[in-house]
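The values are calculated or read from the model by the stated rules, or taken from the named source; none is laboratory data. In this text, all values refer to a predicted model and were calculated from it rather than measured experimentally. Neighbour counts run over all protein chains shown; Cβ positions are idealised from the backbone, glycine included.
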2 protein chains.
Amino acid sequence: MPASFRVFDEGEISAAATLSAASLAIIEHAFSALAEGRVIMPAPLGLHIKEDKVDGEVHVKTAYIRGSKGFAVKVATGFYQNARLGLPTSSGMILYLDSQTGQVVALFADNGYLTDLRTALAGAVAAKHLAPMRVRTVGIVGTGIQARWQLRAIALVRKVRQVLVFGRNAAATEAYIREMQIMVSADIRRAVTVSELVRQSDLVVTTTPSREALIKAQDLHAGLHITAMGSDGPAKRELESNVLDQADVVVCDSYDQCLRLGELQHTALPRASVIELGELTSGMREGRSNDHQISVCDLTGTGVQDSAIAEYAFLALRQRGTKHS
Amino acid sequence: MPASFRVFDEGEISAAATLSAASLAIIEHAFSALAEGRVIMPAPLGLHIKEDKVDGEVHVKTAYIRGSKGFAVKVATGFYQNARLGLPTSSGMILYLDSQTGQVVALFADNGYLTDLRTALAGAVAAKHLAPMRVRTVGIVGTGIQARWQLRAIALVRKVRQVLVFGRNAAATEAYIREMQIMVSADIRRAVTVSELVRQSDLVVTTTPSREALIKAQDLHAGLHITAMGSDGPAKRELESNVLDQADVVVCDSYDQCLRLGELQHTALPRASVIELGELTSGMREGRSNDHQISVCDLTGTGVQDSAIAEYAFLALRQRGTKHS
């Protein structure tokens with residue numbers, strides 16, 4: 001009989017694995033390992049189910065970081081007609097396996113919590129390495145779950161004083177403002193247009209599932225950094241192609257993946273002119289060279305983040321287990 | 001919160017999901033669905049970990065059979081240095097997801113039990129459709145787990161009277177004979193060579209991880225059927241290429257997959273001259289037309305079998321749950 005495995009639910013996981021300097025460092029290291037060629041990361045497996053009343057997709061991601069104790073196999077689902085049934089669109093779980101033996105060590109039934117966490121941390125890594133040192137105003141486009149996570153993640157790496165938020169739904173935007181004002185203790189106001197938000201912010205994060213460009217090149221200004229994390233599939237986009245063309249610095253999490261799934265799919269930027277996030281975290285390449293440049297970071301979410309956050313969560317959960325027993 | 005899921009262990013699963021006419025019919029239907037184009041089955045995801053003291057691989061298979069209530073995502077591992085640690089080489093588990101919502105309904109922590117079962121059932125399907133109606137002697141090459149499963153599976157579809165078994169290890173072969181004599185109540189004897197076994201059998205199943213041909217064309221004879229289920233990876237093989245070339249009927253579970261992983265990788269047989277198992281079960285094509293022909297079936301194991309057996313197991317477990325509560 002193989003060794004038994006532990007099942008952790010979202011409550012336990014979210015209590016142990018949090019936005020912190022420690023989890024930030026782990027995601028930074030994961031990106032560095034990727035850039036340094038110390039990661040084996042096959043292309044994700046995708047299954048699409050399209051029936052009369054079903055429009056679903058399943059994605060399986062995995063990656064092994066050389067020298068790490070474990071790695072994740074993440075099964076993530078998106079079933080876009082679930083709302084009709086009163087169910088969340090996204091689901092799935094993460095298996096955490098021992099790198100030496102292949103045995104399943106833990107099952108994280110996290111309802112996507114660790115994906116949210118590692119996605120937010122990638123935003124923090126981007127802001128840390130690309131935003132101007134002094135950020136006066138943060139602009140958040142979108143009012144959903146990642147709109148919340150990304151703002152909290154930025155607070156790990158920059159002092160957040162003023163925030164502008166743009167949402168198409170007024171009630172959702174007000175709810176966002178009430179909730180986040182307490183969470184990050186900043187002055188948060190609603191922007192009437194995305195243009196206004198971009199013009200008045202030094203650091204903008206776009207968090208929507210948009211299929212048309214929300215940010216126009218005409219609103220770019222000196223010293224602006226934009227992280228676009230919404231696009232994660234063919235035909236999705238949040239930025240005009242000109243935004244990437246006119247930026248001084250273009251960064252992404254994985255060039256190959258962003259070409260298929262991210263903002264890069266709408267541009268013709270060659271590999272050499274795009275920096276991978278891990279090239280910044282490892283010091284292989286430089287990001288912005290002054291606070292007047294314009295930078296953009298395109299994030300699609302990678303298997304190496306899943307493996308890194310799973311290892312972090314497992315160690316954090318084990319530590320809590322030890323404390324309490 | 002999404003609906004909760006059930007975790008089933010090997011003991012529960014093996015008590016509910018068994019070799020039976022019902023499970024055989026389910027695997028036959030799965031192959032028929034595949035041949036009829038009613039299955040979405042992406043190529044498996046593979047991750048290989050090769051370190052100083054580690055030689056491991058992870059494979060993720062999935063498939064959706066149109067109209068079915070659920071589908072499997074199976075994570076299977078093979079870590080070939082585990083024996084040194086006193087651990088089994090193979091591990092993994094199956095997630096069973098709802099086809100309408102993508103929610104995980106059940107986790108089968110089965111230690112490979114359902115893979116063994118669906119693999120054995122594919123052997124039974126092959127024997128049912130390809131072996132001569134009257135089998136005097138069954139020959140089993142290998143004395144491992146599938147050598148046991150395959151013999152029991154054949155007993156579902158043919159009367160088993162005499163069995164010859166070939167194993168390189170005498171003690172393991174004796175243990176096989178003692179155990180299986182009770183299990184299938186047949187006369188089981190040891191073959192000294194594979195040649196002798198093939199010459200004296202009407203139905204041969206090869207179940208080894210061999211990398212060289214065990215069965216030679218010179219031993220083929222009228223009325224013989226061979227199922228080769230050992231090869232499931234590049235460079236593996238159990239049959240001489242001439243065995244396939246000289247057979248009257250060549251069948252496989254999935255042509256594309258067998259070209260990469262099975263006996264077909266060592267031949268140049270065009271698609272048109274190879275029958276897929278589902279083309280037999282669905283009646284689209286004919287297998288042997290008389291009891292004098294020689295037939296061969298190449299099995300590598302497919303995601304559609306995993307989804308079919310997972311659905312069967314889930315229903316069987318739920319039925320037992322109802323009975324006992």
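Only helices (runs of 4 or more DSSP H) wholly contained in segment A:180-269 count here; list those with 3 or more residues that are touching a residue at least 12 places away in the same chain (Cβ under 8 Å) and farther than 20 Å from residue A:142 by Cα.
A:241-246, A:255-261
Here's a check for you: in segment B:135-153, which residue that is in a loop (DSSP other than H, G, I, E, B) and in contact (Cβ under 8 Å) with a residue 40 or more places away in the chain is farthest from the other protein chains (Cβ to nearest Cβ)?
B:136
What number goes with the only condition from (1) surrounded by 15 or more Cβ atoms within 10 Å (Cβ to Cβ); (2) polar (S, T, N, Q); (3) more than 23 Å from residue B:246 (Cβ to Cβ) that residue B:185 does not pass?
(1)
Against the condition closer than 29 Å to residue A:62 by Cα, modelled with pLDDT under 95 and surrounded by fewer than 17 Cβ atoms within 10 Å (Cβ to Cβ), how does residue A:320 come out, does it pass?
yes
Which numbered condition trips up residue B:20, out of (1) surrounded by 21 or more Cβ atoms within 10 Å (Cβ to Cβ); (2) farther than 24 Å from residue A:113 by Cα; (3) away from chain A (no Cβ under 11 Å); (4) not aliphatic (A, V, I, L, M)?
Condition not satisfied by residue B:20: (1).
So which residues in segment A:45-80 are under 21 Å from residue A:107 (Cβ atoms) and not in a strand (DSSP E or B)?
Those that are under 21 Å from residue A:107 (Cβ atoms) and not in a strand (DSSP E or B): A:68, A:69.
Which one of these does residue B:156 not meet: (1) free of Cβ contacts under 8 Å to residues at least 12 places away in the same chain; (2) assigned to a helix (DSSP H, G or I)?
If we test residue B:156 against (1) free of Cβ contacts under 8 Å to residues at least 12 places away in the same chain; (2) assigned to a helix (DSSP H, G or I), just (1) comes out false.
Identify all residues within segment A:114-147 that are among the charged types (D, E, K, R) and under 15 Å from residue A:188 (Cβ atoms); write none if there are none.
A:136
Of A:88, A:132, which residue is closer than 30 Å to residue A:43 by Cβ and assigned to a loop (DSSP other than H, G, I, E, B)?
Answer to the selection: A:88.
Scan segment A:112-124 and tell me whether some residue there is part of a loop (DSSP other than H, G, I, E, B) and surrounded by fewer than 20 Cβ atoms within 10 Å (Cβ to Cβ).
Within segment A:112-124, not a single residue is part of a loop (DSSP other than H, G, I, E, B) and surrounded by fewer than 20 Cβ atoms within 10 Å (Cβ to Cβ).
Test of understanding: among B:72, B:83, B:43, which residue is at pLDDT below 95, within 15 Å of residue B:303 (Cα to Cα) and not β-branched (Val, Ile, Thr)?
Of B:72, B:83, B:43, the one residue that is at pLDDT below 95, within 15 Å of residue B:303 (Cα to Cα) and not β-branched (Val, Ile, Thr) is B:43.
Looking at segment B:249-285, which of the residues that are of a type in the set (D, E, K, R) and under 20 Å from residue B:123 (Cβ atoms) is surrounded by the most Cβ atoms within 10 Å (Cβ to Cβ)?
B:263
If I ask for residues that are more than 9 Å from every other protein chain (Cβ to nearest Cβ) and closer than 19 Å to residue B:109 by Cα, which ones from segment A:103-115 would you list?
A:105, A:106, A:108, A:110
Taking the criterion of being assigned by TED's automatic domain parsing to the domain that holds residue A:250, surrounded by 21 or more Cβ atoms within 10 Å (Cβ to Cβ) and within 20 Å of the chain's Cα centre (by Cα), would at least one residue in segment A:97-108 satisfy it?
For segment A:97-108, residues assigned by TED's automatic domain parsing to the domain that holds residue A:250, surrounded by 21 or more Cβ atoms within 10 Å (Cβ to Cβ) and within 20 Å of the chain's Cα centre (by Cα): absent.
Out of segment A:41-53, which residues are surrounded by 14 or more Cβ atoms within 10 Å (Cβ to Cβ), hydrophobic (A, V, I, L, M, F, W, C) and either farther than 12 Å from residue B:44 by Cα or more than 7 Å from chain B (Cβ to nearest Cβ) (or both)?
Once the filter is applied, which keeps residues that are surrounded by 14 or more Cβ atoms within 10 Å (Cβ to Cβ), hydrophobic (A, V, I, L, M, F, W, C) and either farther than 12 Å from residue B:44 by Cα or more than 7 Å from chain B (Cβ to nearest Cβ) (or both), segment A:41-53 yields A:41, A:49.
Just the residues that are in contact with an Asp or Glu (Cβ under 8 Å, 6 or more places away or on another chain), under 19 Å from residue A:59 (Cβ atoms), at the interface with chain A (Cβ under 7 Å from one of its Cβ atoms) and of a type in the set (A, V, I, L, M, F, W, C), please, taken from segment B:54-102.
Once the filter is applied, which keeps residues that are in contact with an Asp or Glu (Cβ under 8 Å, 6 or more places away or on another chain), under 19 Å from residue A:59 (Cβ atoms), at the interface with chain A (Cβ under 7 Å from one of its Cβ atoms) and of a type in the set (A, V, I, L, M, F, W, C), segment B:54-102 yields only B:93.
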